[in-house]
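The structure appears right after this line, and notes come after that.
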Amino acid sequence: MTTKILTFVGHYLPGHKSGGQLRTIANMVDTLSDDFEFWIVTRDRDLGDAEPYPGVTRNCWNQVGRARVCYVDNEAPFAAIQALIEQTPHDAIYLNSFFDRRFSILPLMLRRFARVSDAPLFLAPRGEFSPGALALKPWRKRAYIFLAGLLGLYRDATFQAASEHEKLAILNVLKLPAEAVEIAIDLPRRYAEAAVPAVVPTVEESSDQTATRSVKLVFLSRISRKKNLDFALCVLALVQADVSFDIYGPVEDGEYWAECRALAKALPANVRVTYCGDAPAEDVERIFSRYDLFLFPTRGESYGQVIGECLSVGTPVLVSDQTPWLNLAAEGLGWDVPLDAPEVFARRIDELAALDVGQRRQGRERVRARARERLSDPKVIEANRALFNSVLRRWRVARGLPDASA
């Protein structure tokens, strides 16, 4: 009998604007559905959209790929979530945020006080406990962390961390015992099956790149303070080379976007900034393939699906050291730099701009080859499978039930 995992996530397919969290769950469904049935409860619209998805039936189960998905009406009462948990057979509950009011806090409250389920609980904070993420609306988050601990909302949960770095952050903030947090790296897309060009040039062959020292940069993510676009723009003010900087992503915070536009207008003449709008999920890799570098100084990521997508087409990355993608220079994949060193970010961009066409092409080939090795590691799949099986096995043994995973 297949194990049923009742999964709560803020946004799911056919959406794409919420980024890595959505992609991680979609990748998990694609990769682990031979072992687990995923029953997914999510919002009925994409991030920031006023209208629900067309073509889906709300408040009931839809078959979406290999998962069953219930798109909850934005106006549905809390009782609808309670009914879903009580009426949907499941072997485990899997939450994909610590702070999402409807799709994490509410299920935790219902489980604790309404006793809607005694199934094992898994909780993946998805980078929410990184210092950069906690620095946004800190008093509200700290107050809830205190209250949730006081009420025992997560006392029997198994937390999923995407790296040792995230595990330490979770343990430090929540004061949990080490055994309460398991490491299972977010599953990347199954790139062995992806149709991606083997070598993709990013510069015009007819131009003299050795003379111009120009470079094409891209930022592709939600436009929110956590993703740190303003820092990227400040870095570009320090760059000496000619830079074309294209920005893709939905505007999540209008006030913050206005601040970023003001920074862009103040940049020197050697930097040209263009906002290119949203990037549909099916276009992301093609977009990355057109650029020399992905500039992504994020305040914190549990994994960073977008980083893997970029590397898979051979485009190197320049990211903060607040993701699990560390020691990138040693692997030839780009650079990870502390956020207190904007001048180092700028220096790396100038160094890349100094390379000629041949050097950049060779670098892209190395990036693509190494990235595919890293993204196809079977140990990552096994760690995610074991995350569920080991906890479920202990839970069943403790209750004298047969081990369904055997």
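The values are calculated or read from the model by the stated rules, or taken from the named source; none is laboratory data. All values derive from a computational prediction rather than experimental measurement. Quick reminder, even Gly has a Cβ in these numbers, built from the backbone with ideal geometry, and neighbours come from all protein chains shown.
Which one of these is of a type outside the set (D, E, K, R), touching a residue at least 60 places away in the same chain (Cβ under 8 Å) and outside any helix (DSSP H, G or I): L153, L136?
Details: L153 fails: touching a residue at least 60 places away in the same chain (Cβ under 8 Å).
Criteria check complete, one pass: L136.
Within region 86-108, restricting attention to residues that are in a helix (DSSP H, G or I) and touching a residue at least 24 places away in the same chain (Cβ under 8 Å), which residue is surrounded by the most Cβ atoms within 10 Å (Cβ to Cβ)?
P107
If I go through region 32-77 residue by residue, how many of them are among the acidic types (D, E) and buried (at least 18 other Cβ atoms within 10 Å of the Cβ)?
So the answer is 3.
Do you know which residues across region 175-189 are of a type outside the set (A, V, I, L, M, F, W, C) and closer than 10 Å to T158 by Cα?
Of everything in region 175-189, those that are of a type outside the set (A, V, I, L, M, F, W, C) and closer than 10 Å to T158 by Cα turn out to be E179, E182.
List the residue pairs whose Cβ atoms are under 8 Å apart, where the first residue sits in region 263-277 and is within 9 Å of A237 (Cα to Cα), the second is of a type in the set (F, W, Y), and the two are 6 or more positions apart or on different chains.
V271/F245
In the set L22, L6, which member is surrounded by 23 or more Cβ atoms within 10 Å (Cβ to Cβ) and over 17 Å from the mean Cα position of the chain (by Cα)?
Working: L22 fails: over 17 Å from the mean Cα position of the chain (by Cα).
After ruling out the rest, the residue left standing is L6.
Evaluate region 72-81: report whether one residue or more is assigned to a helix (DSSP H, G or I) and of a type outside the set (G, A, S).
yes
Look through L352, L311 and report the one residue that is under 29 Å from E128 (Cα atoms) and either among the hydrophobic types (A, V, I, L, M, F, W, C) or surrounded by fewer than 17 Cβ atoms within 10 Å (Cβ to Cβ) (or both).
Exactly one of L352, L311 is under 29 Å from E128 (Cα atoms) and either among the hydrophobic types (A, V, I, L, M, F, W, C) or surrounded by fewer than 17 Cβ atoms within 10 Å (Cβ to Cβ) (or both), namely L311.
I'm checking my understanding of the structure. Among residues of region 215-258 that are among the hydroxyl-bearing types (S, T, Y) and more than 15 Å from A353 (Cα to Cα), which one is surrounded by the fewest Cβ atoms within 10 Å (Cβ to Cβ)?
Among residues in region 215-258 that are among the hydroxyl-bearing types (S, T, Y) and more than 15 Å from A353 (Cα to Cα), the one surrounded by the fewest Cβ atoms within 10 Å (Cβ to Cβ) is Y256.
Conditions first: (1) at pLDDT 95 or above; (2) within 28 Å of P378 (Cβ to Cβ). R43 passes all but one, so which condition is the exception?
(2)
Scanning for something under 25 Å from I185 (Cα atoms) and surrounded by fewer than 19 Cβ atoms within 10 Å (Cβ to Cβ), does region 271-281 turn up at least one residue?
Yes: region 271-281 contains one or more residues that are under 25 Å from I185 (Cα atoms) and surrounded by fewer than 19 Cβ atoms within 10 Å (Cβ to Cβ).
Of the numbered conditions (1) modelled with pLDDT of 90 or more; (2) surrounded by fewer than 19 Cβ atoms within 10 Å (Cβ to Cβ); (3) under 30 Å from F231 (Cα atoms), L147 fails exactly one; give the number of that condition.
(3)
Quick one: what pairs do we get from region 233-245, first residue more than 21 Å from G277 (Cα to Cα), second part of a strand (DSSP E or B), C-beta under 7 Å, 6+ apart or different chains?
Filtered contacts from region 233-245: V239/V271; A241/S214; A241/V215; D242/S214.
If you take the residues of region 116-125 that are in a loop (DSSP other than H, G, I, E, B) and not β-branched (V, I, T), which of them is surrounded by the fewest Cβ atoms within 10 Å (Cβ to Cβ)?
Per the criteria, the residue is D118.
Would you check if R68 is assigned to a loop (DSSP other than H, G, I, E, B) and at pLDDT 95 or above?
Against the criterion (assigned to a loop (DSSP other than H, G, I, E, B) and at pLDDT 95 or above), R68 does not qualify.
Search region 326-343 for residues that are at positive phi and pair each with any residue that is buried (at least 19 other Cβ atoms within 10 Å of the Cβ) and in a loop (DSSP other than H, G, I, E, B) when their beta-carbon atoms are under 7 Å apart and the residues are at least 6 apart or on different chains.
G334/P316
Just a yes or no: is a residue in region 126-133 polar (S, T, N, Q), within 21 Å of the chain's Cα centre (by Cα) and either closer than 23 Å to S18 by Cβ or part of a loop (DSSP other than H, G, I, E, B) (or both)?
Looking for residues that are polar (S, T, N, Q), within 21 Å of the chain's Cα centre (by Cα) and either closer than 23 Å to S18 by Cβ or part of a loop (DSSP other than H, G, I, E, B) (or both), one finds at least one in region 126-133, hence yes.
What is the residue count in region 1-54 for residues that are more than 29 Å from G254 (Cα to Cα) and without any contact (Cβ under 8 Å) to a residue 12 or more places away in the chain?
1
Got a number for residues in region 303-321 being under 15 Å from D336 (Cβ atoms) and of a type in the set (S, T, N, Q)?
1
Kindly indicate which of V200, V173, V196, V181 is over 24 Å from S390 (Cα atoms) and at pLDDT 95 or above.
V173
For the condition within 22 Å of H165 (Cα to Cα), among the hydrophobic types (A, V, I, L, M, F, W, C) and either touching a residue at least 40 places away in the same chain (Cβ under 8 Å) or outside any loop (DSSP other than H, G, I, E, B) (or both), what is the one hit in V367, V380?
Step by step, each of V367, V380 is checked, and only V380 is within 22 Å of H165 (Cα to Cα), among the hydrophobic types (A, V, I, L, M, F, W, C) and either touching a residue at least 40 places away in the same chain (Cβ under 8 Å) or outside any loop (DSSP other than H, G, I, E, B) (or both).
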